[in-house]
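The structure appears below as structure tokens.
Coordinate-derived values only; no laboratory data. Since this is a predicted model, take the numbers as computed values, not measurements. So basically every Cβ, Gly included, is an ideal-geometry build from the backbone, and we count neighbours across all protein chains shown.
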Amino acid sequence: MALTIAVRVEQAVYDCVYLSLAVINKCQMVTADRRFYNALTSDMLFAHLCWVEDLP
């Protein structure tokens, strides 16, 4: 799953492993990686991302 996501969004597999875990566990991944976050803004998996500064 991580490799498929990485190829689709053209991002590192390392980051996509954590995103895959968030998808599998039906939760969000918190990130401070602006490049990764921006790369997913138009992807359906964006709902599984949370920008670190948006935390309560």
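Points worth noting:
- Boolean, Ala22 is touching a His at 6+ places or on another chain (Cβ under 8 Å) and among the small types (Gly, Ala, Ser): yes
- Residues of region 33-50 satisfying the condition of being in contact with a Ser or Thr (Cβ under 7 Å, 6 or more places away or on another chain) and either of a type in the set (Phe, Trp, Tyr) or in a helix (DSSP H, G or I) (or both): Tyr37
- Residues in region 16-32 that are assigned to a helix (DSSP H, G or I) and exposed (fewer than 11 other Cβ atoms within 10 Å of the Cβ): Ile24 only.
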